[in-house]
Amino acid sequence: MMENPSQQQAELNSMLRRGVLFSIFWLMGVGSLIAVINGVKARRIIQRSNGELEGAGQVIWCLVVGGVGLLFWGFVIVMVMINRVTG
């Protein structure tokens, strides 16, 4: 049974709000990961909707800001590991 577009849009909006929120509150990288995952899932849903669902801007936000957060925490973790090995 297919959901109606308004119900799908409501669920997509909820997913994207969660992604944007977690992209802002990185939570030591976990929030960024959740943001990226929600962004990827939402992007797939939007692509499959053939233009019926909106939210591409929020998808970009989740992917970019969440990605930056992942890169930041990845860099921090690598630097800590290097410091422990050489220190």
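The values are calculated or read from the model by the stated rules, or taken from the named source; none is laboratory data. Worth saying up front: this structure is predicted, and the values here are computed from it rather than measured. No Cβ is skipped: glycine too gets one built from the backbone with ideal geometry, and neighbour counts run over all protein chains shown.
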Going through region 30-77 one residue at a time, which ones are touching a Leu at 6+ places or on another chain (Cβ under 6 Å) and not in a helix (DSSP H, G or I)?
-> 53, 55
Could we say that residue 50 is over 15 Å from the mean Cα position of the chain (by Cα) and either modelled with pLDDT of 95 or more or of a type in the set (S, T, N, Q) (or both) here?
-> yes
Residue 30: within 9 Å of the chain's Cα centre (by Cα), under 30 Å from residue 75 (Cβ atoms) and among the hydrophobic types (A, V, I, L, M, F, W, C), yes or no?
-> no
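Somewhere in region 45-62, is a residue surrounded by 15 or more Cβ atoms within 10 Å (Cβ to Cβ), over 18 Å from residue 11 (Cα atoms) and of a type in the set (Gly, Ala, Ser)? Steps first, answer last, please.
Taking region 45-62 and keeping what is surrounded by 15 or more Cβ atoms within 10 Å (Cβ to Cβ), we get 45-46, 49, 53, 55, 58-59, 61-62.
Of the ones still in play, those that are also over 18 Å from residue 11 (Cα atoms) are none.
No, because not a single residue in region 45-62 is surrounded by 15 or more Cβ atoms within 10 Å (Cβ to Cβ), over 18 Å from residue 11 (Cα atoms) and of a type in the set (Gly, Ala, Ser).
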Hey, could you check region 3-30 for residues that are more than 15 Å from residue 59 (Cα to Cα) and touching a residue at least 12 places away in the same chain (Cβ under 8 Å) and say which is surrounded by the fewest Cβ atoms within 10 Å (Cβ to Cβ)?
-> 28
Assuming residue 70 fulfils every condition listed in (1) crowded, with 16+ Cβ neighbours inside 10 Å; (2) in contact with a Pro (Cβ under 9 Å, 6 or more places away or on another chain) apart from one, which condition is it?
-> (2)
Lone unmet requirement of (1) surrounded by 13 or more Cβ atoms within 10 Å (Cβ to Cβ); (2) over 14 Å from the mean Cα position of the chain (by Cα); (3) of a type in the set (Val, Ile, Thr) for residue 65 | (2)
